[in-house]
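A short worksheet on the structure shown next.
The values are calculated or read from the model by the stated rules, or taken from the named source; none is laboratory data. Just so we're clear, the structure is a prediction, and the values are computed from it rather than from any experiment. In this analysis, Cβ positions are derived from the backbone assuming ideal geometry, glycine residues included, and neighbour counts consider all displayed protein chains. Keep in mind that these areas ignore ligands, DNA and RNA; they rest on the heavy atoms of the full protein, side chains included. Shrake-Rupley method; radii C 1.70, N 1.55, O 1.52, S 1.80 Å.
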Amino acid sequence: QKEVEQNSGPLSVPEGAIASLNCTYSDRGSQSFFWYRQYSGKSPELIMFIYSNGDKEDGRFTAQLNKASQYVSLLIRDSQPSDSATYLCARESSYKLIFGSGTRLLVRP
Amino acid sequence: NAGVTQTPKFQVLKTGQSMTLQCAQDMNHNSMYWYRQDPGMGLRLIYYSASEGTTDKGEVPNGYNVSRLNKREFSLRLESAAPSQTSVYFCASIVAGGQGEQFFGPGTRLTVL
């Protein structure tokens, strides 16, 4: 079992819709989680991080963490074609990040 | 403020050749990391340096060595390149491990023939 699992996609949504990206993890001791966005041929950039159970909102992005069920999700409201990218979920472990393989999101105009 | 810089951007090697990938950051960060990314896969940690003077193995260290030259610079060396090392290599840094955002360099695309 991978430590951080993501559906590789692609997840295809129409412009203006809500995109829901999910991530599960195996280590119950995990405390901190990160969502990175990576455009094709570019380096990853941080979108959000979340430490506590519940929701965290930043503009069109909402991260959700459920430690009991061991999943993290990222919601993107009012999706735009410019949101088309690969989204990487990561958990922090002993000063390192462990990444999932990423979900490719396609937003159709 | 350049952030994290990597050289070279592209490199083609023949099997058995050696090379060093360079990484530098100007953000006074303590921790630095080397990852590789293969098609359809996420980032896999090769080596990291939690602080100047320390280095530790990550998930896929075989075939690589690293040097934390000073607080700014962290290099990755391939002693005898193999086709399996064809990948995109990213360097990253953070204020201190476990404290917030890792900043990534632009990457080095390496092909081993």
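Hey, can you find the accessible area per residue of chain A for me, probe 1.4 Å, expressed in square angstrom?
48
Would you mind computing the Rg to Rh ratio of the protein assembly as shown from its alpha-carbon coordinates, Kirkwood style for Rh?
0.98
Give the interface area between chains B and A as buried accessible surface, both sides summed, probe 1.4 Å, in Å² to the nearest 100.
1400
For chain A, what % of the accessible area comes from carbon and sulfur atoms, probe 1.4 Å?
Values: 2390 of 5210 Å².
Whole-percent figure for carbon plus sulfur exposure: 46.
Ignoring ligands, DNA and RNA, how do B:THR108, B:THR15 rank by accessible area with a 1.4 Å probe, largest first? All intermediate terms of the calculation are to be shown ahead of the outcome.
Numbers: B:THR108 0, B:THR15 85 Å².
From most exposed to least exposed: B:THR15, B:THR108.
Name the residues of region A:76-106 whose accessible area falls by at least 40 Å² when all protein chains are present instead of the chain alone, probe 1.4 Å?
A:TYR95, A:LYS96, A:LEU97, A:PHE99, A:SER101
With a/c under 1.5 counting as rounded, go ahead and sort region A:41-109 into rounded, prolate or oblate using the C-alpha gyration tensor (a ≥ b ≥ c being the square roots of the eigenvalues; past the cut-off, prolate if a/b is larger than b/c, else oblate).
Because a/c hits 1.5 or more and a/b fails to exceed b/c, region A:41-109 counts as oblate.
With a 1.4 Å probe and all protein chains kept in place, how much accessible area does A:LEU75 have, in Å² rounded to the nearest 10?
Taking all protein chains as shown, A:LEU75 has close to 40 Å².
Mind checking which lysines have their C-alpha under 27 Å from B:LYS9, skipping anything on the same chain fewer than 8 residues away?
Partners found: A:LYS42, A:LYS96, B:LYS57, B:LYS71.
Go through A:ARG28, B:ARG77, A:ARG108 and list them by solvent-accessible area, largest first, probe radius 1.4 Å.
Accessible-area ranking of A:ARG28, B:ARG77, A:ARG108, largest first: A:ARG28, A:ARG108, B:ARG77.
Label points 7 Å out from Cα along the Cβ direction at A:ALA17 and B:LEU113: separation in nm?
4.5
Counting only heavy atoms of the protein chains, get the accessible area per residue of chain B (1.4 Å probe) and round it to a whole Å² value.
For chain B, the solvent-accessible area averages 46 Å² per residue.
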